[in-house]
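The values are calculated or read from the model by the stated rules, or taken from the named source; none is laboratory data. Note that the structure is predicted; figures quoted are calculated from it, not measured. Glycine gets a Cβ as well: all are built from the backbone with ideal geometry, and neighbour counts include every protein chain shown.
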Amino acid sequence: MKTIYRLTKKKVWAVALVLLVNSCDSFVEVDLPKSQLTTATVFEDYATANASLMAVYANIRDKGLLTGTNTGLSNQLGNYTDEIIPYGVPSSPSRIFYSNNLLAENPSVADYWNTTYNQIYGANAVIEGLQASETISDQQKNQLQGEALFIRALLHFYLVNLFGDVPYITGTDYKQTSTVSRMASVQVYENIIRDLENSITLLQDQYRTAQKIRVDKNTANALLARVYLYTKSYAAAADKASAVLNQTDEFKLEDIHQVFLLDSKETIWQLQSAESGQNSEEALTFIFLSGPPPLVGLNPDLANSFIASDLRKSNWIREVTDGTSIWYHSYKYKEQNFTSISKEYSIVFRLAEQYLIRAEARAYQGDLIGAKEDLNKIRHRAGLPDTVAVTQGEILEAILQERRWELFTEHGHRFFDLKRSNKIDAVLSSTKSGWNPSDGLFPLPQSELSTNPNLRPQNPGY
């Protein structure tokens with residue numbers, strides 16, 4: 001039995017197809033192994049249904065937007081903005097991102113689109129299978145569906161911020177997805193919020209695992225706080241951030257040395273490594289021991305923007321020199337090799353962002369005292385004094401700068417912050433020779449526009 005696995009032509013013959021995602025390329029035709037479970041069988045049993053969802057988590061970790069490898073957003077959006085400089089071979093994809101020379105035919109752009117929609121397909125397959133199941137308990141269904149809804153919302157959040165108007169896919173019927181049209185960004189956000197609200201009603205209050213590798217209600221609230229901030233719903237953003245920050249038994253700001261360790265109390269959600277003893281891919285991507293860097297290095301302007309007493313500079317950045325030249329690399333994750341037990345996983349959401357979300361939301365609402373209190377918590381952890389910002393404008397500028405220092409090389413925050421603050425053209429046109437106003441959106445893959453004309457028009461500038 002043949003199964004087509006792509007956004008524009010796919011059908012659920014078996015939810016076990018989710019388990020194949022890691023081993024097959026996007027938009028390819030694969031044979032369904034005879035040993036794989038059929039859809040009905042998968043969702044007769046919680047263990048196999050759970051395994052299908054865990055395969056989606058693994059796929060998110062290993063490829064696409066949120067992977068810690070050099071193809072993920074942490075690296076490529078760092079190159080695209082002002083965080084990272086490429087040093088690798090001239091043919092390195094990072095150089096294309098750094099020069100802001102993306103084209104509709106670029107394979108990295110197509111991979112982001114295809115892989116993300118494949119991951120959304122996997123989440124949708126889990127949701128549909130659970131809804132049809134008559135044997136899995138309601139409590140177990142709720143948890144798995146809540147996690148899958150969160151994943152669907154999260155992935156669409158990144159797509160809408162990269163590509164603008166995009167399809168919001170909630171099913172697995174190829175007859176519908178093969179002719180789907182783009183949805184206005186405001187409607188995409190409405191769907192994201194709806195999925196997250198439903199997710200919150202289904203998810204447990206606390207983690208099912210101590211390592212925070214599964215989504216729970218706190219994770220959904222954390223993403224919803226970010227979504228409300230991006231959509232300028234500031235009161236709601238502050239409320240959702242507070243819902244996480246008030247869980248003081250569960251979370252706290254860690255000492256600067258502890259933030260990125262596996263058992264950090266600051267972590268809200270992280271992606272588990274593939275094997276015991278394996279650590280984050282980010283360390284492999286960013287750390288180098290001698291110069292020049294084999295792939296990328298931190299932009300010296302970023303490294304030198306920290307004052308000497310900032311603990312983030314001494315703990316999260318490393319300097320490498322050959323006696324003549326100096327290079328810098330991100331040192332948030334420190335374990336490049338296998339260890340006896342894993343010490344670092346890839347963190348997707350952490351508490352510091354929630355303080356900065358609430359600080360910004362409070363500032364926009366005129367609560368300048370509360371905004372400064374939240375901002376100063378992040379500054380104090382970094383060994384810095386209270387902010388000197390006074391006016392609303394000064395405080396908002398200070399928060400944006402603090403986000404640059406706190407969240408660098410973490411899934412593209414800098415790019416998204418510059419876009420939503422309407423500063424991206426002013427900042428990047430003055431620091432990058434290849435920046436154009438149209439670069440605030442990625443091009444839609446030409447292959448998709450050719451296959452499905454309903455996705456047209458192409459984004460401006462491409």
Note to self: Would you confirm whether or not the range 130-151 contains a residue that is charged (D, E, K, R) and closer than 30 Å to SER438 by Cβ?
What the structure shows: no
Next item on the list: Please work out which residue is surrounded by the fewest Cβ atoms within 10 Å (Cβ to Cβ), limiting yourself to the range 255-271 and to residues that are touching a strand residue (DSSP E or B) at 6+ places or on another chain (Cβ under 9 Å) and part of a loop (DSSP other than H, G, I, E, B).
Entry: LEU261
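Here is a yes/no grid of residues against (1) crowded, with 19+ Cβ neighbours inside 10 Å; (2) closer than 26 Å to HIS411 by Cβ:
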| site | (1), (2) |
| --- | --- |
| GLY129 | yes, no |
| SER133 | yes, no |
| ASN142 | no, no |
| HIS156 | yes, yes |
| ASP173 | no, no |
| THR179 | no, no |
| GLN187 | no, yes |
Next item on the list: Could you identify the single residue in ARG420, ARG381 that is modelled with pLDDT of 95 or more, basic (Lys, Arg) and in contact with a Phe, Trp or Tyr (Cβ under 8 Å, 6 or more places away or on another chain)?
Entry: ARG420
Next item on the list: Sort out which residues of the range 172-202 are part of a loop (DSSP other than H, G, I, E, B), in contact with a helix residue (DSSP H, G or I) (Cβ under 9 Å, 6 or more places away or on another chain) and modelled with pLDDT under 95, and write them in order of number.
Entry: THR172, SER178, THR179
Next item on the list: Examine the range 211-218 for a residue that is surrounded by fewer than 18 Cβ atoms within 10 Å (Cβ to Cβ), touching a strand residue (DSSP E or B) at 6+ places or on another chain (Cβ under 9 Å), modelled with pLDDT under 95 and closer than 26 Å to LYS141 by Cα, and state whether such a residue exists.
Entry: yes
Next item on the list: Considering (1) out of contact with any Asp or Glu (no Cβ under 9 Å at 6 or more places or on another chain); (2) assigned to a helix (DSSP H, G or I), say which one ASN75 fails and leave the rest.
Entry: (1)
Notebook entry, point to check: Here is a list of conditions, (1) over 21 Å from LEU302 (Cβ atoms); (2) in a helix (DSSP H, G or I), and PRO385 meets all of them except one; can you say which number that is?
Noted result: (2)
Next item on the list: Mind counting the residues in the range 316-366 that are assigned to a loop (DSSP other than H, G, I, E, B) and either of a type outside the set (S, T, N, Q) or within 17 Å of LEU229 (Cα to Cα) (or both)?
Entry: 14
Notebook entry, point to check: Pick from the range 102-127 the residues that are within 16 Å of LEU441 (Cβ to Cβ) and either aliphatic (A, V, I, L, M) or at pLDDT below 95 (or both): which of them is surrounded by the most Cβ atoms within 10 Å (Cβ to Cβ)?
Noted result: VAL109
Next item on the list: Can you tell me which residue among ALA426, ALA398 is of a type outside the set (Val, Ile, Thr), at pLDDT 95 or above, over 15 Å from ASN79 (Cα atoms) and buried (at least 19 other Cβ atoms within 10 Å of the Cβ)?
Entry: ALA398
Notebook entry, point to check: Within the group ALA274, ALA283, which residue is in contact (Cβ under 8 Å) with a residue 24 or more places away in the chain, part of a loop (DSSP other than H, G, I, E, B) and within 20 Å of the chain's Cα centre (by Cα)?
Noted result: ALA274
Margin query: Go through (1) of a type in the set (A, V, I, L, M); (2) surrounded by 19 or more Cβ atoms within 10 Å (Cβ to Cβ); (3) not in a strand (DSSP E or B) for ILE85 and report which single condition fails.
Written below: (3)
Checklist line | Which numbered condition SER91 misses (of (1) among the small types (Gly, Ala, Ser); (2) closer than 13 Å to ASN70 by Cβ; (3) without any contact (Cβ under 8 Å) to a residue 40 or more places away in the chain) | finding: (2)
Notebook entry, point to check: Restricted to the range 339-365, and to residues that are aliphatic (A, V, I, L, M), surrounded by fewer than 24 Cβ atoms within 10 Å (Cβ to Cβ) and out of contact with any helix residue (DSSP H, G or I) (no Cβ under 8 Å at 6 or more places or on another chain), which residue is nearest to THR67 (Cα to Cα)?
Noted result: VAL348
